[in-house]
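Undergrad: My structure is below; once you've seen it, I'll send some questions.
The values are calculated or read from the model by the stated rules, or taken from the named source; none is laboratory data. Keep in mind that what you see is a predicted model, and the values were worked out from it rather than measured. Cβ coordinates were reconstructed from backbone atoms using ideal geometry, including for glycine residues, and neighbour counts include every protein chain displayed.
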Amino acid sequence: MTLAFIFVNCNVDGGSAAEKNVKKVKGVVESHSTSGAYDLILKVKAETESELRDIIKNIRKVTGVVAAITSIVYGSDQAD
């Protein structure tokens, strides 16, 4: 299983629609609207890195998405 976070910038006019539509992309398991450098932070899960590439391509195709930066998770430790 490949886990990644994708940091998304949306254009001014398409932000709300983009947020709604990226949630529909297969593999997106969480979506967070944020302030700061990025408009959205997405948590995605894929079976393989090839599938992850497809998810990223589909997110970038969403109307209103201007840019998407991906960070693949190599290790996790959850707080108690």
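Undergrad: Of the residues in the range 1-59, how many are closer than 16 Å to residue 69 by Cα, among the basic types (Lys, Arg) and at pLDDT below 95?
TA: The qualifying residues number 0.
Undergrad: Can you tell me which condition residue 19 does not meet? The list is (1) surrounded by fewer than 14 Cβ atoms within 10 Å (Cβ to Cβ); (2) not in a strand (DSSP E or B), and all the others hold.
TA: Only one criterion is unmet by residue 19, namely (1).
Undergrad: Just one of 67, 46 is in contact (Cβ under 8 Å) with a residue 24 or more places away in the chain, crowded, with 17+ Cβ neighbours inside 10 Å and touching a helix residue (DSSP H, G or I) at 6+ places or on another chain (Cβ under 9 Å); which is it? Before the answer, list the steps.
TA: Values: 67 fails: crowded, with 17+ Cβ neighbours inside 10 Å.
Every option except 46 fails the conditions.
Undergrad: I'd like to check something: does the range 22-40 contain any residue that is touching a His at 6+ places or on another chain (Cβ under 9 Å) and either within 19 Å of residue 1 (Cα to Cα) or surrounded by 16 or more Cβ atoms within 10 Å (Cβ to Cβ) (or both)?
TA: Here is the first cut: in the range 22-40, the residues touching a His at 6+ places or on another chain (Cβ under 9 Å) are 40.
Still in the list and also either within 19 Å of residue 1 (Cα to Cα) or surrounded by 16 or more Cβ atoms within 10 Å (Cβ to Cβ) (or both): 40.
Within the range 22-40, one or more residues are touching a His at 6+ places or on another chain (Cβ under 9 Å) and either within 19 Å of residue 1 (Cα to Cα) or surrounded by 16 or more Cβ atoms within 10 Å (Cβ to Cβ) (or both).
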